[in-house]
Amino acid sequence: MKWGVTLALLAGLVAAVWLVWAIGFDDVFAAVARAGFSGLLLLCLYALLVFVPLALSWECLLPRGQRRPFRHLYVARLVRDSIAEISPFSPVGGMVAAARLVILKGMNPGYAAASVAADATTEAMAQVAFLALGLAVGLSVFQGMDGTGTLTALMVGMLLLAVPGITGLILLQKRGVGFAAKIAARFFPQAGRGIGFGEAIRAIYASPRRLAASASLHLLAWIGAGGGAFISFRLMGGEITLLEAIALEAMLSTLRSIATFVPAAVGVQEAGYAMLATHFGLPAEMGLAVSLLKRAREIVLGVPALLYWQSVEGRTALRDADRDADRNAGEAAHD
């Protein structure tokens, strides 16, 4: 598995570099330069705003007695996405880190693991609606346009596969509690203390209102991602409407979902933006520049988030080591 991930990452990097070379370094970086540092700052601030509904969607899944201060959920969600976007770990690694952070902040381990799993499910549910919206807009934009049939077929196929896939995921979490609890226990040994994973996941899914609220907030965040693409293109002088940008981002999310085995979708994202931009009447170099600008934004926000995560883990490890040392010293003195 490690070799497979490494090879996929290297292949993606080679593809991304080749793409920049094939389109033209000067054209690509000229487009990036038009956005400038002020544009990058604007995109970073906008992305931080989009994380608000992402954190709220997680929070509303939790019963009131299990909720932590919003800032803890917000930072944990930022860490979760940063791990998935700028590190070689899979999205699962980001979910584990987010759950660990809120556990260290006092959340019940069972609810931490269960809420992260349920949040990923409601996010996938919202992505289906987002894909449907993007497909509807895309069909109107691409009508009669050559070379879009394959892309449309991919989106339709993803929609058809997503519904039974999400249904199966929910059934696994609700009815296959024993199996799901074993997976949770592998990542969260504390999940067996107090309220267990099974009890927590059943309590979360027992509230359709909370699930609907979480999925709605996730849909808002998905649409917000389309707004980020719209801002990026406009910063570079691209003529694109907000609905078209949302459709483009929905199609890109389809490509990223298909290439989920490639860490951070390296190469896939770059090729996707370059290809899709031309379908909306924009030059390929501008699409590639938007992807690079997005990578820059992810690094600017992600590096501090990962440093914070490591600092929390480091302080916890030192505290545990000191406690163990004191315990051992006490036992030695007693003997």
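The values are calculated or read from the model by the stated rules, or taken from the named source; none is laboratory data. From a predicted model like this one, the values you see are computed outputs, not experimental measurements. Backbone-built Cβ (ideal geometry, glycine too); neighbour counts: all protein chains shown. Please note that ligands, DNA and RNA were not included when accessible areas were found on the heavy atoms of the full protein model with its side chains. Shrake-Rupley method; radii C 1.70, N 1.55, O 1.52, S 1.80 Å.
Got a sec? Which of R319, R295, R234 is under 16 Å from A84 (Cα atoms), at pLDDT 75 or above and charged (D, E, K, R)? Of R319, R295, R234, the one residue that is under 16 Å from A84 (Cα atoms), at pLDDT 75 or above and charged (D, E, K, R) is R295. Taking the conditions (1) at pLDDT below 60; (2) crowded, with 16+ Cβ neighbours inside 10 Å; (3) out of contact with any Leu (no Cβ under 8 Å at 6 or more places or on another chain) in turn, L62 satisfies each one other than (1). Filtering L276, L293, L252 for residues that are among the hydrophobic types (A, V, I, L, M, F, W, C), open to solvent by less than 30 Å² (accessible area, probe 1.4 Å) and under 14 Å from the mean Cα position of the chain (by Cα) leaves a single hit, L252. Applying a threshold of 8 Å to beta carbon distances and a minimum spacing of six or more residues, or different chains, the list of pairs starting in region 230-241 at a residue that is in contact (Cβ under 8 Å) with a residue 24 or more places away in the chain and ending at one that is of a type in the set (D, E, K, R) reads S232/K294; L235/R34; M236/R34; G237/R34; I240/R234. Residue pairs whose Cβ atoms lie under 6 Å apart, sitting 6 or more positions apart in sequence or on different chains, and linking a residue in region 55-69 that is closer than 11 Å to Y111 by Cβ to a partner that is among the basic types (K, R) and surrounded by 18 or more Cβ atoms within 10 Å (Cβ to Cβ), are L61/R210.
Out of V312, V303, one residue alone is surrounded by fewer than 21 Cβ atoms within 10 Å (Cβ to Cβ), farther than 29 Å from G36 by Cα and at pLDDT 80 or above. It is V312. Scanning region 102-115 for residues that are assigned to a helix (DSSP H, G or I) and open to solvent by 10 Å² or more (accessible area, probe 1.4 Å) turns up I103, L104, P109, Y111. Within region 255-273, being of a type in the set (S, T, Y) and open to solvent by 10 Å² or more (accessible area, probe 1.4 Å) holds for S257, T260. Being open to solvent by 30 Å² or more (accessible area, probe 1.4 Å) and at pLDDT 90 or above: is that true of L48 here? When the stated conditions are applied, L48 passes them. Within region 81-100, the residues that satisfy the criterion of being open to solvent by 10 Å² or more (accessible area, probe 1.4 Å), under 16 Å from Q310 (Cα atoms) and in contact (Cβ under 8 Å) with a residue 24 or more places away in the chain are D81, A84, I86, S87, P88, F89, M95, V96, R100. Answer yes if at least one residue in region 229-246 is within 13 Å of E123 (Cβ to Cβ) and open to solvent by less than 30 Å² (accessible area, probe 1.4 Å), and no otherwise. Taking every residue of region 229-246 in turn, none turns out to be within 13 Å of E123 (Cβ to Cβ) and open to solvent by less than 30 Å² (accessible area, probe 1.4 Å).
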